[in-house]
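Shown next, in structure tokens, is the structure this report addresses.
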Amino acid sequence: MATISQARQAVATALSKAELYRMWHTGFHAGLTHGKVLDAMGVRDASPAVEQLRSRLQQGTQRGRTIASIVQQHARLVEPFEGALLRFGEESGSLEASLKTLAEHFALEHRLLTRVWAKLTYPLITSFLIICIAPMPQLVAGNVATYLLAVALGVAVWYSFGGVVVSALAANYANRREFLLARLARTLAMAIEAGLPLDRAVVLAAESTGHPNIIAHVGQRSSQLQASQAASETFTGCPLIPAEMIAAMKVAEVSGDFSGSLRKLAELYDGR
């Protein structure tokens, strides 16, 4: 269950994470160490969860810990695909690209949540007014206590359950099929081009979607099979992976051009 305040906080969290990864990417691109970047930047008006994530990353990296170990220890502070991309970027030496991808993702998520709130503002206000107006006959009849009790209960229910609508829409967006496929295609291309072992590449690509069915599908294959067969064969048979993506994987495997196939496909999915 999510209250209206919690649902509203999700908007601030998305914006804070977009700013976190954007600033981290900028500092890392300039050649600064993770500890220095994370210590110096701070995130203006950051949500508590994002500030806690920044603090843990800053303290951990300054002590010489890997990003992967920090993310694993504080998994509740990151989304599944977020943690997968950070681990992948560190392991493959392409952290700069991963940070940029995360900044773009959360900026897009913030824009969507802002639109959702804009659309829901009127019905939320209307429902609040109905709660106050509907028991008015009790007030007219002189039953002030009854009226106040009815309004108080109505507002409590409105506040407690009103955020469910926004949270449901946000979750629907995060698990939108096109969005999951875009993350999978982009991460798989990045992992293979970075030279990661094929079994690690397909596992990271599946984890980046955060979808249990895709992760389970890949997990059913042994590490030996994941490493020996083409990625297109590993993902074949998963109901969530369309034929067009399998075809793009096969083209990339034959041509060796993963950016020209999977990354382009990811851009198409993002635009839908």
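The values are calculated or read from the model by the stated rules, or taken from the named source; none is laboratory data. If you're wondering where the values come from, they're calculated on a predicted model, not measured in any experiment. Neighbour counts are summed over all protein chains in view; Cβ atoms, including those assigned to glycine, are modelled from backbone coordinates with ideal geometry. Side chains are part of the model used for accessible areas, which takes the heavy atoms of the whole protein and leaves out ligands, DNA and RNA. Shrake-Rupley method; radii C 1.70, N 1.55, O 1.52, S 1.80 Å.
Can you give the log10 of the normalised intensity I(q)/I(0) at q = 0.29 Å⁻¹, computed with Debye over equal Cα scatterers of region 103-158? For region 103-158, the Cα-only Debye profile gives -1.03. Only DSSP H runs of four or more residues enter the estimate; each adds -39500 (n - 2.57), and after division by the residues of the chain the mean residue ellipticity at 222 nm equals -25000 deg cm²/dmol. Of the peptides 232-245, 98-111, the order by per-residue mean of other Cβ atoms within 10 Å, starting with the highest, comes out as 98-111, 232-245.
Arrange the peptides 8-16, 84-92, 203-211, 144-152 so that the one whose residues have, on average, the most other Cβ atoms within 10 Å appears first.
203-211, 84-92, 8-16, 144-152
Scoring 29-40, 182-193, 131-142 by mean Cβ neighbours within 10 Å over their residues and listing the highest first yields 182-193, 29-40, 131-142. Taking every protein chain into account, the 1.4 Å probe leaves residue 115 with about 130 Å² of accessible area, to the nearest ten.
At full extension, residue 125 and residue 144 could sit 4.5 nm farther apart than now, given 0.36 nm per residue minus the alpha carbon distance. Note on residue 244 and residue 8: the model spin-label points, each 7 Å out from Cα along the C-beta direction, lie 4.0 nm apart. Counting only whole DSSP H helices of the chain, the ones at least 27 Å long by C-alpha along their axis and with mean Kyte-Doolittle hydropathy no lower than -0.5 are 4-29, 95-133, 144-174.
For the set 122, 21, 159, solvent exposure ranked by accessible area (probe 1.4 Å, protein chains only) runs largest to smallest as 122, 159, 21. Based on alpha-carbon atoms, the Kirkwood radius and the radius of gyration of the chain give Rg/Rh equal to 1.09. Taking amide H atoms as placed 1.01 Å from N in the peptide plane, the amide H of residue 210 lies under 5 Å from those of 81, each 5 or more residues away in sequence or on another chain.
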